[in-house]
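Written below as structure tokens is the structure these notes are about.
The values are calculated or read from the model by the stated rules, or taken from the named source; none is laboratory data. Everything numeric here is computed off the predicted structure, so don't read it as measured data. Here the Cβ positions follow ideal geometry from the backbone for every residue, glycine too, while neighbour counts run over all protein chains shown. SASA here: full protein model, heavy atoms, side chains in, ligands and nucleic acids out. Shrake-Rupley method; radii C 1.70, N 1.55, O 1.52, S 1.80 Å.
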Amino acid sequence: MNTYKLLTPGPLTTTDTVKEEMLVDRCTWDDDYKAVTQKIRRQLLQLGHVSEDDYTAVLMQGSGTFGVESVLSSVVGDEDKVLICSNGAYGVRMTRICDRNRIPYVHYAESYDHIPDPARVARLLAQDPAITHVAMVHSETTSGILNDIQSVGKVVRDAGRTFVVDAMSSFGGVDIPVSDWGIDFLVSSANKCIQGVPGFSFILCRRDKLLSSEGKARSLSLDLLDQWKGMEKDGKWRFTSPTHVVLAFSKALDELEAEGGIPARHRRYAENNRLLIEKMRAMGFAPYIDGSRQGPIITTFFYPAGVPFQFSEFYTYIKERGYVLYPGKLTDADTFRVGNIGEIYPEDIEKLASIIAGFLAAHKEEIA
């Protein structure tokens, strides 16, 4: 069994009590198990500040990308067109999903250190009335930037289009009033800020928009509306569900509430992030994202100047001392990433800083 903590954007370090929930086997047809699914769906709507009259929650087997593909391939019809706004690898992944599913789209790409501009989105929608949907990422973990989905959502709603948000690494750690921000479909994952384990994604859907997608799905297993119909009836998943993961997620939701809900969790993550940047900057690691756009989820740092630096050596040194980092995902700079989410506290950031200081000291001695 490993003895290190994950400083990543998910999978992440979970509590022992969440892991313990997976020691029990459940039958997918059992009424008690189906009740757990229904409990989760209700709690997710509460976290999104939406009512069951207007919105519904659908759980979908697979990683977060499965959830994103489920939405895009189920609600964007052959006669529709989606505007994809990207500033990182996960926004670009939406274009690959559309390519594979033959979904008509137009791509508005920003540089990785800039957010998509709501005014630019408004112009694109005005110029192309064929666009029916807009899709973008909230917390782009390529860099750690937090995009302004509230402003873009207003633009999309004012233009009468449908707004799809990948809130994979932000929902549960950043408060998102889904309806107020004009979001029609929000996708996230069990193993992010709610602090469950990998195995399924979930989608908060505006009911009328979901119902209007009848007949559009391009996939059997990822058919969002069909999945919803079964769950809406009695909580039954269409195909075999990750039972152990579902039980763990239910516990994680309860622990989020016990911590004080999203506001309390956001404060902890934000303090982790603030302290991390302060400590790393003092050691010569500059953050990639300007402070005003830096999200609380994950932080990208440039390699330090003046020190021999191989990420693989750095990674191993830190892992052997109790923490695991993330490699960079940028193409234009040498970077690595540090996650602030999961069962991580300021004392972990302090310990990490001490370990990194030891690594740098040893390498400066080598130079001398």
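Flag: Ala130 does not match the condition of being touching a residue at least 24 places away in the same chain (Cβ under 8 Å) and either among the charged types (D, E, K, R) or touching a helix residue (DSSP H, G or I) at 6+ places or on another chain (Cβ under 8 Å) (or both).
Quick check on my filter: what residues within the stretch 253-275 are basic (Lys, Arg), within 18 Å of the chain's Cα centre (by Cα) and open to solvent by 60 Å² or more (accessible area, probe 1.4 Å)?
We begin by selecting, within the stretch 253-275, every residue basic (Lys, Arg); these are 265, 267-268, 274.
Imposing the further condition that a residue be within 18 Å of the chain's Cα centre (by Cα) reduces the set to 265, 267-268.
Listed by number, the list holds a single entry, Arg267.
Scanning the stretch 104-125 for residues that are open to solvent by less than 50 Å² (accessible area, probe 1.4 Å), farther than 17 Å from Ile183 by Cα and in contact (Cβ under 8 Å) with a residue 40 or more places away in the chain yields a total of 2.
If we scan the stretch 96-106, do we find a residue that is at pLDDT 95 or above and at positive phi? Yes, the stretch 96-106 contains at least one residue that is at pLDDT 95 or above and at positive phi. Reported count of residues in the stretch 5-50, each being open to solvent by 30 Å² or more (accessible area, probe 1.4 Å) and touching a Pro at 6+ places or on another chain (Cβ under 9 Å), is 2. For Ile355, the criteria (1) within 26 Å of Asn147 (Cβ to Cβ); (2) of a type in the set (A, V, I, L, M, F, W, C); (3) open to solvent by 20 Å² or more (accessible area, probe 1.4 Å); (4) modelled with pLDDT of 95 or more hold in every case but one, which is (1). Checking every residue in the stretch 258-266 against the condition of being over 28 Å from Thr28 (Cα atoms), assigned to a helix (DSSP H, G or I), in contact with a Pro (Cβ under 9 Å, 6 or more places away or on another chain) and of a type outside the set (Ser, Thr, Tyr) gives at least one match. Of everything in the stretch 289-304 that's open to solvent by less than 30 Å² (accessible area, probe 1.4 Å) and closer than 25 Å to Asp175 by Cα, which residue is nearest to the chain's Cα centre (by Cα)? Looking at residues that are open to solvent by less than 30 Å² (accessible area, probe 1.4 Å) and closer than 25 Å to Asp175 by Cα, I get Ile297. Across the stretch 189-231, the number of residues qualifying as over 15 Å from Ala57 (Cβ atoms) and outside any helix (DSSP H, G or I) comes to 19.
Tell me, yes or no, whether the stretch 145-156 has at least one residue that is part of a loop (DSSP other than H, G, I, E, B), at pLDDT 95 or above, more than 19 Å from Asn101 (Cα to Cα) and of a type in the set (Val, Ile, Thr). Scanning the stretch 145-156, I find no residue that is part of a loop (DSSP other than H, G, I, E, B), at pLDDT 95 or above, more than 19 Å from Asn101 (Cα to Cα) and of a type in the set (Val, Ile, Thr), so the answer is no.
Conditions tested, residue by residue: (1) in contact with a Leu (Cβ under 7 Å, 6 or more places away or on another chain); (2) among the small types (Gly, Ala, Ser); (3) within 30 Å of Phe336 (Cβ to Cβ); (4) surrounded by 18 or more Cβ atoms within 10 Å (Cβ to Cβ).
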{"residue": "Ser86", "(1), (2), (3), (4)": "no, yes, yes, yes"}
{"residue": "Arg96", "(1), (2), (3), (4)": "no, no, yes, no"}
{"residue": "Asp99", "(1), (2), (3), (4)": "no, no, yes, no"}
{"residue": "Gln127", "(1), (2), (3), (4)": "no, no, no, no"}
{"residue": "Ser139", "(1), (2), (3), (4)": "yes, yes, yes, yes"}
{"residue": "Ile145", "(1), (2), (3), (4)": "no, no, yes, yes"}
{"residue": "Asp148", "(1), (2), (3), (4)": "no, no, yes, no"}
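In the set (1) in a strand (DSSP E or B); (2) touching a Ser or Thr at 6+ places or on another chain (Cβ under 7 Å), Leu186 fails one condition alone, (2). Residues that are closer than 18 Å to Leu45 by Cα and open to solvent by 60 Å² or more (accessible area, probe 1.4 Å) within the stretch 215-233 comprise Lys229, Glu232, Lys233, listed in sequence order.
Looking only at the stretch 279-288, which residues are touching a strand residue (DSSP E or B) at 6+ places or on another chain (Cβ under 8 Å) and surrounded by fewer than 20 Cβ atoms within 10 Å (Cβ to Cβ)? Write out each step before concluding.
To start, the set of residues in the stretch 279-288 that are touching a strand residue (DSSP E or B) at 6+ places or on another chain (Cβ under 8 Å) comprises 280-281, 285-288.
Those that are touching a strand residue (DSSP E or B) at 6+ places or on another chain (Cβ under 8 Å) and surrounded by fewer than 20 Cβ atoms within 10 Å (Cβ to Cβ): Arg281, Ala286.
Looking only at residues in the stretch 305-343 that are assigned to a loop (DSSP other than H, G, I, E, B) and touching a Leu at 6+ places or on another chain (Cβ under 7 Å), the one that is surrounded by the fewest Cβ atoms within 10 Å (Cβ to Cβ) is Val307. It is to be established whether one or more residues within the stretch 196-208 are open to solvent by less than 10 Å² (accessible area, probe 1.4 Å) and more than 16 Å from Arg41 (Cα to Cα). Within the stretch 196-208, not a single residue is open to solvent by less than 10 Å² (accessible area, probe 1.4 Å) and more than 16 Å from Arg41 (Cα to Cα). Just checking, does the stretch 236-252 include any residue being open to solvent by 60 Å² or more (accessible area, probe 1.4 Å), without any contact (Cβ under 8 Å) to a residue 24 or more places away in the chain and either assigned to a helix (DSSP H, G or I) or touching a Pro at 6+ places or on another chain (Cβ under 9 Å) (or both)? Within the stretch 236-252, not a single residue is open to solvent by 60 Å² or more (accessible area, probe 1.4 Å), without any contact (Cβ under 8 Å) to a residue 24 or more places away in the chain and either assigned to a helix (DSSP H, G or I) or touching a Pro at 6+ places or on another chain (Cβ under 9 Å) (or both).
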